[in-house]
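Q: Input: one structure, supplied below.
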Amino acid sequence: MSQPDNVRATRDEDARGSATNRKRDDVELPALAFTGTLRFMWTQLTSMRTALMLLLLLAVAAVPGSLFPQRPAGPAIVQDYIDDNPLLGQWLDWFQMFDVYSSVWFSAIYLLLFVSLIGCVLPRAVKHAKALRSTPPRTPRRLSRLPEHGTVLLERSGPSPVEAVEQAARVLRKRGYRIEVREEPDGGASVGAERGYVREIGNIVFHLSLIGVLVFLATGSMLSYRGQKIIVEGEGFANNLVSYDSFTPGTAFSDEMLTPFSMTLKRFEYVYDRQSPTHYGQPLDYTAVLDVQDGPGDTAREVELKVNHPLDFQGTRVYLVGNGYAPEVTVRDGNGDIAFQGPVIAQVQDNLFTSLVTIKAPDARPDQLGFVGFFLPTAYTGEDGVAVSIDPAPLNPELNLNSYYGDLGLDEGDPQNVYVLDTENLTELNSRALEAGGITLKPGESYDLPEGKGSISFDGLRRYVGLDILYDPGKWGVGFFAVLALVALGVSLFVRRRRVWVRGTTGPGGSTMVEYGLLARGEDFGLREEHLTLRRQFEKLWPVQAPEDTESTERPIAVAGAAQNRVE
């Protein structure tokens, strides 16, 4: 063909291609109806890819919960953050960054993941249930093309092809295979065997367990509650909302869910190490002795509450999470009247129980009084004049306080931290920096404040315990499904799905020839070992011709192969 002919042929082809493209451009895809659109959206949502993306998105969405303070954990901390960052704080609050785990967007991701997992797993479970009732696949025509295969030629005195296949079927059944024996067109027989369906069951159970974990996590989030309470020796607690120091309810919590128990702290017992030179003074045991009532009108009983050994009241658990000292003080105002009297919770600061003490007397007249300082269980004053605690036991208890007078800021109704004294609008009466010095009190001692503002006395010492009270109906379900998920994951990882076929035919010379093949679903490094195990069992089961007996019969006893071809 000449060059012009080539050019004309090329032009003709381009023209035909352009015409074809024009026709394709003219074709309009059919529009999805409302039902079709919903079906398409459901298909996309319930795909495994979408489930994995939602799982990753949920993990990313949880990150702000660790970057910003959360209201359920500390409302005061959140308010302080907003006050310190007014513009940023308002925007973060608008996007619910201080309530991440109960926010609309986090709940939406959570629910979408839940629906996606259900849509993925349930159809697979139904399909696998049908597969469990189905028979093993039919025997391939050419077993020699399987990854693992072999042939065994029996002695003429051996079983017939049908008998040999039935005996092979019994061997496979003992090894855990599901079997089905079939007749062959040439008068022989074959058996199809399969095992490892539990692998897919483990995979399905694993995903169902994840759904179970999500369900019970949601149940616990809605119905649970958690509260904290400090009880001083001789005082009590009843399980109602007004008795808690702090309380965090679930989204579906109601007062009726509170178990009506009550308790009174009789005494607090402690044991410190007094033998070891390296761990002297370390705590060995803490025991809170309580009188508890399981319900109104029930007889009180004495129980011991220890660390990591909670009390249980119909699913509500009470944990011992802390303890400390509560010095008993009396504050009198400038008129000689009692402005404050009772135990003061001292916040523990170190292992030697050096504790921070804050006392507020808003009823003092003519000026409100405030005190802040330290309580030392075993006080020791060094050469520099600074007192420290040298032992956690109350061997030499001492109060070291600074005093203030003025407006405590409680009359405006603004919430305050009871353990913090705001001294901005107060006038200092006592401190080491003033001529009057600080206040140092031993049990039974009192001190008159300067300028006739009043007095303070250290009347005695009691112990207190910090309790964590938790009710979570979903935790047992979460634990069960978490363990079940781990077991199911192990099954799906270590169980292999295998198929075996055995065919019996009449070989050369009228003897029985048994041909077999093995196939694995996916990677299976143990398939070769399974092949050799079956081969040894077959050779023990039947009288097999020796290799020298097969030389005149074109060597039909083919040694096991490992061809990497697929089944025809």
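Q: Scan (1) surrounded by fewer than 16 Cβ atoms within 10 Å (Cβ to Cβ); (2) over 54 Å from the mean Cα position of the chain (by Cα) for the single condition Gly188 breaks and write down its number.
A: (1)
Q: What about Asn323, is it touching a helix residue (DSSP H, G or I) at 6+ places or on another chain (Cβ under 8 Å) and either of a type in the set (S, T, N, Q) or within 21 Å of Glu233 (Cα to Cα) (or both)?
A: no
Q: Just to confirm my filter: which helices (runs of 4 or more DSSP H) fall fully inside the range 36-101 and include at least 3 residues that are out of contact with any helix residue (DSSP H, G or I) (no Cβ under 8 Å at 6 or more places or on another chain) and within 23 Å of Leu214 (Cα to Cα)?
A: The helices (runs of 4 or more DSSP H) meeting that bar are 48-61.
Q: Return yes when Leu518 is touching a residue at least 24 places away in the same chain (Cβ under 8 Å), of a type outside the set (D, E, K, R), within 19 Å of Tyr177 (Cα to Cα) and open to solvent by less than 60 Å² (accessible area, probe 1.4 Å) and no when it is not.
A: Yes; evaluated as a whole, the condition is true for this residue.
Q: Can you find a residue that is within 30 Å of Glu269 (Cβ to Cβ), in contact with a Phe, Trp or Tyr (Cβ under 8 Å, 6 or more places away or on another chain), among the small types (Gly, Ala, Ser) and touching a residue at least 24 places away in the same chain (Cβ under 8 Å) anywhere in the range 447-464?
A: Yes: one or more hits.
Q: Further question: Got a sec? Which of Tyr101, Tyr110 is out of contact with any Leu (no Cβ under 7 Å at 6 or more places or on another chain), under 26 Å from Arg226 (Cα atoms) and of a type in the set (Ser, Thr, Tyr)?
A: Residue meeting the stated conditions: Tyr101.
Q: Follow-up. Here is a list: Val115, Val162, Val126. Which entry is open to solvent by 40 Å² or more (accessible area, probe 1.4 Å) and without any contact (Cβ under 8 Å) to a residue 60 or more places away in the chain?
A: Result of the check over Val115, Val162, Val126: Val126.
Q: OK, next. What's the total number of residues in the range 233-287 that are of a type in the set (Asp, Glu) and assigned to a loop (DSSP other than H, G, I, E, B)?
A: 4
Q: With the requirement that a residue be open to solvent by less than 50 Å² (accessible area, probe 1.4 Å) and out of contact with any strand residue (DSSP E or B) (no Cβ under 6 Å at 6 or more places or on another chain), what does the range 465-476 give you?
A: Residues satisfying the conditions are Asp472, Pro473, Gly474.
Q: While we're on this one: Out of the residues in the range 38-93 meeting the condition of being among the hydroxyl-bearing types (Ser, Thr, Tyr) and surrounded by 14 or more Cβ atoms within 10 Å (Cβ to Cβ), tell me which one is farthest from Arg124 (Cα to Cα).
A: Among residues in the range 38-93 that are among the hydroxyl-bearing types (Ser, Thr, Tyr) and surrounded by 14 or more Cβ atoms within 10 Å (Cβ to Cβ), the one farthest from Arg124 (Cα to Cα) is Tyr81.
Q: So if I check each of Leu305, Leu352, Leu311, which one is in contact with an Asp or Glu (Cβ under 7 Å, 6 or more places away or on another chain), surrounded by 15 or more Cβ atoms within 10 Å (Cβ to Cβ) and on the phi < 0 side of the Ramachandran plot?
A: Leu352
Q: Please pick out the residue among Arg462, Arg497 that is open to solvent by 10 Å² or more (accessible area, probe 1.4 Å), modelled with pLDDT under 90 and under 49 Å from the mean Cα position of the chain (by Cα).
A: So the residue among Arg462, Arg497 that is open to solvent by 10 Å² or more (accessible area, probe 1.4 Å), modelled with pLDDT under 90 and under 49 Å from the mean Cα position of the chain (by Cα) is Arg497.
Q: Could we say that Thr287 is surrounded by fewer than 19 Cβ atoms within 10 Å (Cβ to Cβ), at pLDDT below 95 and polar (S, T, N, Q) here?
A: no
Q: Still on this structure: Consider the range 398-448. How many of its residues are among the polar types (S, T, N, Q) and surrounded by fewer than 16 Cβ atoms within 10 Å (Cβ to Cβ)?
A: Adding up the residues that qualify gives 6.
Q: Being closer than 10 Å to Arg503 by Cα and either hydroxyl-bearing (Ser, Thr, Tyr) or not in a helix (DSSP H, G or I) (or both): is that true of Val162 here?
A: No, not satisfied.
Q: Counting only residues that are small (Gly, Ala, Ser), at pLDDT below 90 and assigned to a helix (DSSP H, G or I), which one in the range 102-112 is most open to solvent (accessible area, probe 1.4 Å)?
A: Ser102
Q: OK, next. Would you mind stating whether Arg503 is charged (D, E, K, R) and open to solvent by less than 60 Å² (accessible area, probe 1.4 Å)?
A: Criteria met by Arg503.
Q: Can you name the condition, by its number, that Leu429 falls short on among (1) over 17 Å from Arg332 (Cβ atoms); (2) in a strand (DSSP E or B)?
A: (1)
The values are calculated or read from the model by the stated rules, or taken from the named source; none is laboratory data. On a predicted model such as this, the values are computed, not experimentally measured, just so you know. Using ideal geometry, Cβ is built from the backbone for each residue, glycine included, and neighbour counts are taken over all protein chains shown. These accessible areas exclude ligands, DNA and RNA; they are computed on the full protein's heavy atoms, side chains included. Shrake-Rupley method; radii C 1.70, N 1.55, O 1.52, S 1.80 Å.
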